[in-house]
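Structure, as structure tokens:
The values are calculated or read from the model by the stated rules, or taken from the named source; none is laboratory data. Everything numeric here is computed off the predicted structure, so don't read it as measured data. Because the Cβ atoms are built from the backbone with ideal geometry, glycine has one as well, and the counts that use them run over all protein chains shown. These accessible areas exclude ligands, DNA and RNA; they are computed on the full protein's heavy atoms, side chains included. Shrake-Rupley method; radii C 1.70, N 1.55, O 1.52, S 1.80 Å.
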Amino acid sequence: MYDEQQQPEHGPLAGFTVGVTAARRADELGALLQRRGAAVLHAPALRIVPLADDSELLAATKEIIQRTPDVVIATTAIGFRGWIEAADGWGLGEDLLERLRGVELLARGPKVKGAVRAAGLTEEWSPSSESMAEVLDRLLEEGVEGRRVAIQLHGEPLPGFVEALRAGGAEVLGVPVYRWLPPEDIGPVDRLLDATVSRGLDALTFTSAPAAASLLSRAEERGLLPELLAALNHDVLPACVGPVTALPLQALGVDTVQPERFRLGPLVQLLCQELPGRARSLPIAGHRVEIRGHAVLVDGALRPVPPAGMSLLRALSRRPGWVVPRAELLRALPGAGRDEHAVETAMARLRTALGAPKLIQTVVKRGYRLALDPATDAKYADE
């Protein structure tokens, strides 16, 4: 019999494939996932282009120097540093810092706070939640009527944020420090989309709203948007680093999961809880079998399974203990054609991969079934 106390030798994400859409810190996120056993498919949905030579940033910087705002909001560490560096390059660095010393300087989160202090400045306040919603609440509670508010943008206008300030009577100046553009090579994004709609992924991660919007836009260009949304709503778990990142997906009716703290580490920990919790676990032929994305745990031991074998196993697990005809299994095989011999070949490889041939029974002239333990047969009899 299986040993429920057996300690696994693999990570909690072993057997799962996770897509990464991040451009920035993608290596860090990929390493965190791989360290926990996941296979990672990376395709940056965007590229970040600094605006050190951009006329918009120069114009915004000059305006701040000439007409000092009442409030300046720093939203990202990389963006704030880039702004100060660009101003230095134009010979305006000291003038800009002098103006920022005299304003109400708000920093979204500890990393931004670090960048502010590294520039020799001190923030007046930073939200404990690292949420722009909390920043907005504070400003509106203080009252913004007649005040000038400068906000360092992080790639695109913040949905609803600027509008709410203007509705409250504020004059808002955007400081565009860097821009998100489509990737120069769209091939990896297309492969990621194909893997998502074909259910080759178990989860898809997003760390910025522009990346989510870019992936959705590319899916629409290729006529894949309905299929992508169906996959994200039913089979592929969409995981976002925070609520702002999730907005483009939620606008199209996709529910996402998000960690309580908007950081990469908690995002990975969330996947470590969610994905194993979604895996099908069955008692079969005296073994505990857990069916994951591209592998199976048999009594806690990880068994990689070829894609065709996983297709068969999923078809059998949808009706555990029941006989599934060869014709139905053939339809489940990717690109198998009409030859039922393909089922026998894939089944033989599946049994070898599982390392326990008795898990799947051959029912002569009918098909195959999972050898569900007798004690649990009744539980699935009516499913």
Keeping the other protein chains in place, figure out the carbon and sulfur percent of the accessible area of the chain, with a 1.4 Å probe.
49 percent
Convex hull per residue volume in Å³, alpha carbons only, for the range 249-311:
136 Å³
Among V324, P188, V254, pick out the residue whose Cα is farthest towards the positive end of the charge dipole of the chain, where Lys and Arg carry +1 and Asp and Glu carry -1 on C-beta, about the Cα centre.
V324
What value does the range 90-145 have for Rg/Rh, both radii from Cα atoms and Rh as Kirkwood defines it?
1.03
Compute the length gained on full extension between S131 and R349: take 0.36 nm times their separation in residues and subtract their Cα-Cα distance, giving the result in nm to one decimal.
73.5 nm
Distribution of pairwise C-alpha distances over the range 206-341, 5 Å bins, in %
2, 9, 14, 16, 15, 15, 14, 9, 5, 1, 0
Accessible surface, the range 240-314, averaged per residue in Å² (probe 1.4 Å):
41 Å²
For a distance above 34 Å, tell me the whole-number percent of Cα pairs in the chain that qualify.
42 percent
Suppose R0 equals 41 Å. What FRET efficiency, 1/(1 + (r/R0)^6) with r the Cβ-Cβ distance, do W90 and D255 give to the nearest 0.05?
0.35
What's the magnitude of the charge dipole for the range 45-164 around its Cα centre, counting Lys and Arg as +1 and Asp and Glu as -1 at the beta-carbon? Answer in Debye, nearest 20.
280 debye
Quick check: the distance between the Cα centres of the range 165-222 and the range 262-279, to the nearest angstrom?
21 Å
Note down the Stokes-Einstein diffusion coefficient of the range 103-196 in µm²/s, whole number, using a Kirkwood radius over alpha carbon pairs, 25 °C, and 0.890 mPa s.
159 µm²/s
Given V40, I65, W90, which one lies farthest toward the positive end of the charge dipole of the range 31-107, if we put +1 on the Cβ of every Lys and Arg and -1 on the Cβ of every Asp and Glu?
V40
So what are the radius of gyration and Dmax for the Cα set of the range 319-374, in Å?
11.1, 35
Nearest 20 debye, what's the magnitude of the dipole of the chain about its Cα centre given +1 on Lys and Arg Cβ and -1 on Asp and Glu Cβ?
1660 debye
